Amino acid sequence: MRIAVCIKQVPDIEARLRVSGDGTWIDEEDLSFVINESDGYALEEALQIAERTSGEVVVFSLGPERVREALRKALALGAARAVHLKDPAFLGGDSLSTGRALAGALAAGDFDLVLTGSQSDDVGFGSTGTVIAGELGWPHAWLVMGVELDEANKKVKVTREMEAGMNEISNLDLPAVLEIQAGLNKPRYASLKGIMQAKKKEISEPGPGDLGLAPESLGETGAKIEVLSVAFPEAGKGAQIIDGDAETAARTLVEKLQKEARIL
Amino acid sequence: MSAKIWIVLQQRDGKIQKMSWEAVRAGQALAADLGGTAEAVLLGSGMEEAGNEVGQCSLGSVHVADDESLAVYTPGRFARALEAAIATAQPDYVLFPHTYQTVDFLPGLAQSLDAALVPEAVSFETVDGSVVWQRPVLGGKMFASVRAKGPGPVLVSLQSGAFSADELEKGSAPIETLSLDFAAMSADREILRIEEAIAGEVDLSQAPVIVSVGRGVGDAEKIPIMQELADALGGELGASRPVIDSGWLPRDRQIGSSGQTVTPKLYVAAGISGAIQHLVGMKGSQVIVAINKDAGAPIFNVAHYGIVGDLHEVVPAVTAALKEASES
Ligand SMILES: Cc1cc2nc3c(=O)[nH]c(=O)nc-3n(C[C@H](O)[C@H](O)[C@H](O)COP(=O)(O)OP(=O)(O)OC[C@H]3O[C@@H](n4cnc5c(N)ncnc54)[C@H](O)[C@@H]3O)c2cc1C
């Protein structure tokens, strides 16, 4: 099986966030970056399938220079090689123009399966994998919690999460795009050997021309939506914050729950 | 030019899904702001009754695509049917409830129509005839204002609770049949069955108090401090999804859009950031207490009481304070 995995590098948002100078995103200066949570599960699933089928995993990511670190990590975990879409023409897009670029890069790879995460933890469109499937003309499933391959019949049986604790079980023809939900498996840690080997693995950096894509259909120019601004929710509404050290705050809370909220 | 707004409702076995009514309300509000008309769209099989029910809203019309091939949802058929209908009628805005079903097919529809896609909108403003949508980013810590560029329909999915179905305007709308070439549309997916995800033992919906564990607890070995607080309050343990995904607690403790929905008298969220998928499962709780080391965590926007601090100190302190209070 030849499996592609699309991963996104996202900011670790437990940090204190600040709006960037132009007001349309956050200041990335002091933030650390990680592989998007559900993408990590997609990568693990791909690695497991490749191990079972003597296959190969190729990892793709679109984003600026810093994304190389995420690709290196994926290579250390076991991907064979990586493709980094970092040309400025690719950047700043919505899910349509981002999906178009990734599909362009995937098209030549002769893959049986493309895995992505279900949703990014930063912009949260939850759409890129489905757009990729549309561009490639392949079937897809979003929010996948179970993958069972039937190589002989070129099919994959997929368990998809629905609301309220229901699951949909279906068959998709290969090649297909599966958008993996967090929790599907147990992602591995990189070994020292893996980290060493990753240094020698190839990261290619094709530009729009190499993929036969018109630059104006990509990135910010090709996007169908534009971000005008980002902001924190209005202050003022919300919790009454109880101050003091842990003991004092705890006592005050219990008192308030007894006397003010009257629920204890 | 007056705007044409479509609202695509979701139904299962003829029963309209709850968030769809909120989307209808959003469509009515948008039509009022833009000076246009709102029309509903329903896809399914045996839709007569459901169509009539939707027809009791104040809408320009209800378009019904009624065909056996639409009896069970498949992304291929739903997207292709809507693609054909939208290409013919050319609505300016098409609104959807932001359900898992919508997210499964809507991006494919946007891709095939080359249309602007705004997922998970929570509100909108009209500025000089153009519509600016607000949507959460960064786990709900911030909100982005976005706008469609260029011509063509704008496809928008609306997050749960963003609009109130109680404000729906009643009326009487004519039902119109959408005749499409259903036979030419392929499913893209062979549905084998729909089943309950492994049913758990624990029904949290009846618990008077829930102490809910988030990723901030750090690891499974720290769960006992949460259990002790739950015991002191006479409550049950709940959890956010990552805690379950990491195997720290069983799946039947998960609260949120893919877990249980609870409305206890007291909900204590410790080390939970407050992502929308968690909030939809617990925001109806009578009193919410949040314990989080990040003062900017969105959980503080829905909580009634908050303590900003390390849960490893605060949670045992609350347990101790409860014991102290019950002894005095
Ligand atoms: C389709 C879909 C369905 C989903 N369904 C669900 C669902 O049903 N239920 C659900 O919960 N999620 C669900 N999610 C996931 C959801 O989006 C969030 O990722 C999840 O709720 C985050 O869990 P969390 O708050 O525990 O973790 P995080 O968002 O990582 O937050 C951890 C919090 O702990 C705080 N913290 C860290 N250390 C400490 C400390 N020592 N003391 C105090 N605070 C600390 C941090 O400041 C942070 O706010 C779903 C996601 C998708 C895409």
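Evaluated against (1) buried (at least 18 other Cβ atoms within 10 Å of the Cβ); (2) more than 7 Å from every other protein chain (Cβ to nearest Cβ); (3) out of contact with any Phe, Trp or Tyr (no Cβ under 6 Å at 6 or more places or on another chain), A:Lys154 falls short on exactly one condition, (1). For first residues located in region B:183-203 and facing chain A (nearest Cβ under 7 Å), partners that are exposed (fewer than 13 other Cβ atoms within 10 Å of the Cβ) and lie 6+ apart or on another chain with Cβ distances below 6 Å do not occur. The residues on offer are B:Val243, B:Val209, B:Val302, B:Val287, and the sole one that is within 12 Å of the ligand (Cβ to nearest atom), surrounded by 18 or more Cβ atoms within 10 Å (Cβ to Cβ) and closer than 29 Å to A:Lys237 by Cα is B:Val243. Given the structure, is B:Ala220 more than 13 Å from B:Asp252 (Cα to Cα), in contact with a Phe, Trp or Tyr (Cβ under 7 Å, 6 or more places away or on another chain) and more than 13 Å from the ligand (Cβ to nearest atom)? So B:Ala220 fits the description; yes. Just one of the listed residues (B:Gln90, B:Gln111) is crowded, with 20+ Cβ neighbours inside 10 Å and either among the hydroxyl-bearing types (Ser, Thr, Tyr) or farther than 30 Å from B:Thr261 by Cα (or both), and it is B:Gln111.
If you scan region B:116-141, which residues turn out to be away from the ligand (no atom under 15 Å from the Cβ) and either aromatic (Phe, Trp, Tyr) or at the interface with another protein chain (Cβ under 7 Å from one of its Cβ atoms) (or both)? B:Ala116, B:Leu117, B:Val118, B:Phe124, B:Val132, B:Trp133 - these are the residues of region B:116-141 that are away from the ligand (no atom under 15 Å from the Cβ) and either aromatic (Phe, Trp, Tyr) or at the interface with another protein chain (Cβ under 7 Å from one of its Cβ atoms) (or both).
Would you be able to say whether some residue in region A:18-28 is touching a residue at least 12 places away in the same chain (Cβ under 8 Å), touching a Leu at 6+ places or on another chain (Cβ under 6 Å) and either more than 16 Å from the ligand (Cβ to nearest atom) or of a type in the set (A, V, I, L, M, F, W, C) (or both)? Checked against the condition, which is being touching a residue at least 12 places away in the same chain (Cβ under 8 Å), touching a Leu at 6+ places or on another chain (Cβ under 6 Å) and either more than 16 Å from the ligand (Cβ to nearest atom) or of a type in the set (A, V, I, L, M, F, W, C) (or both), region A:18-28 yields at least one hit. Of the set (1) at the interface with chain B (Cβ under 10 Å from one of its Cβ atoms); (2) part of a strand (DSSP E or B); (3) closer than 20 Å to A:Val57 by Cβ; (4) more than 16 Å from the ligand (Cβ to nearest atom), all apply to A:Lys186 but (2). The residues listed here are A:Val5, A:Val67, A:Val10; of these, the one that is out of contact with any His (no Cβ under 9 Å at 6 or more places or on another chain), more than 16 Å from the ligand (Cβ to nearest atom) and of a type in the set (Val, Ile, Thr) is A:Val5. In this entry, B:Glu190 passes the filter for residues that are away from the ligand (no atom under 14 Å from the Cβ), surrounded by fewer than 20 Cβ atoms within 10 Å (Cβ to Cβ) and not small (Gly, Ala, Ser).
Rule-based calculations on the coordinates, nothing more; no lab input. Because the structure is predicted, anything quoted here is derived from the model rather than measured. Positions of Cβ are backbone-derived with ideal geometry, glycine not excepted, and every protein chain shown enters the neighbour counts.
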